[in-house]
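Peer 1: A single structure is presented below for examination.
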Amino acid sequence: MGCCSSKEVNGAASRTSRWRSTGIVGLRDSKLKTIPNDVLDLERAVRTLDLTHNKIVDIPLEISKLVNVQRLILADNLIQNLPLNLGRLQSLKILVLDGNRITAMPDELGLLIRLERLSISGNLLSCLPETIGSLRSLQLLNVSNNKLKFLPESIGSCFSLEELQADGNSIDALPLSICSLIHLKSLSLNHNNVNQIPPALLKDCKSLQSISLHDNPISMNQFQQMEGFQEFESRRKKKFDKQIDANVMINSAGLDEGLDLR
């Protein structure tokens, strides 16, 4: 009995030592209900924390101790709320919260000024905080499969945004500010209620190469009549041709127009 206990202690110590030296804490599929104290006690040493596919319900306030964490991956848990001090994780670049039960994002989200990738698909969000516009370094935003009816006007201030995924919501229109996203390359709004998009979108978003609007009420005619449509088509086809030239393996979904419009 004592021997087994000693081995467990030594194993835990070895694991903690490895976490400290690498900065990487991986505890996927570990049936955790809380974030272990021995992880939180590592404080500044943690740079990546991956707790995918556990049974975590709450993120403790002590998460703010991980001031150097750059990648926080909490997908496929049972999380309902996020701590208000989340904004103290000033080094955070990647935040993944897919497949939880989150109903609201705190305003403090806007304090994560180094955040580059934010994925919160498959939750219960009905809106996003206006403070999301403070995320000037954000390159990818995935809010698919939530309960969103609109995107905040402030999203136009996410100047670095290149990819916006908002499939499977109840969005009927896009904010005019989205036309300010001059680096936006991909916009996906499949399975929404979109009946119109800002008339200057194709003209102003000069990097846009892909728009996917399957299963929306907007018509193909409306889309083709937009100013900048021909230029958008040229960019889209150029991207498509590059994929073919590079012999990229893409399925039929990748080969279609991305516009299920009538």
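Any read-out appearing in this document is the output of simple, stated calculations on the displayed coordinates, not a laboratory observation. Being a predicted model, the structure only gives us computed values, none of them experimental. Reconstructed Cβ throughout: ideal geometry from the backbone, glycine too, with neighbour counts over all protein chains shown.
Peer 1: For segment 43-129, calculate the relative contact order in percent as a whole number, restricting contacts to Cα pairs under 8 Å that are 6 or more residues apart.
Peer 2: This gives 26 percent for segment 43-129.
Peer 1: Still on this structure, please answer the following. Hey, how much of the P(r) for segment 83-163 falls beyond 22 Å, as a percent of Cα pairs?
Peer 2: In whole percent, the long-distance tail amounts to 12.
Peer 1: Hey, another quick one. Just from its helices, what would the mean residue ellipticity at 222 nm be for the chain, if runs of 4 or more DSSP H residues each count -39500 (n - 2.57) and the sum is divided by every residue, rounded to the nearest 500 deg cm²/dmol?
Peer 2: -6000 deg cm²/dmol
Peer 1: Excluding residue 91 itself, what net charge comes from residues whose Cβ is under 9 Å from its Cβ, given Lys and Arg +1 and Asp and Glu -1?
Peer 2: +3
Peer 1: Relative contact order (percent) for the chain, with alpha-carbon contacts under 8 angstrom and 6 or more residues of separation?
Peer 2: 9 percent
Peer 1: Using the Kirkwood radius over Cα pairs, work out the Stokes-Einstein diffusion coefficient for the chain at 4 °C and 1.567 mPa s, in µm²/s as a whole number.
Peer 2: 64 µm²/s
Peer 1: Continuing with this model, one more query. Per residue of segment 209-221, in order, report the coupling 6.51 cos²θ - 1.76 cosθ + 1.60 (Karplus, θ = phi - 60°) as ³J(HN,Hα) in whole Hz, putting x for Gly and Pro.
Peer 2: 10, 8, 10, 10, 10, 4, 6, 9, x, 4, 9, 4, 4
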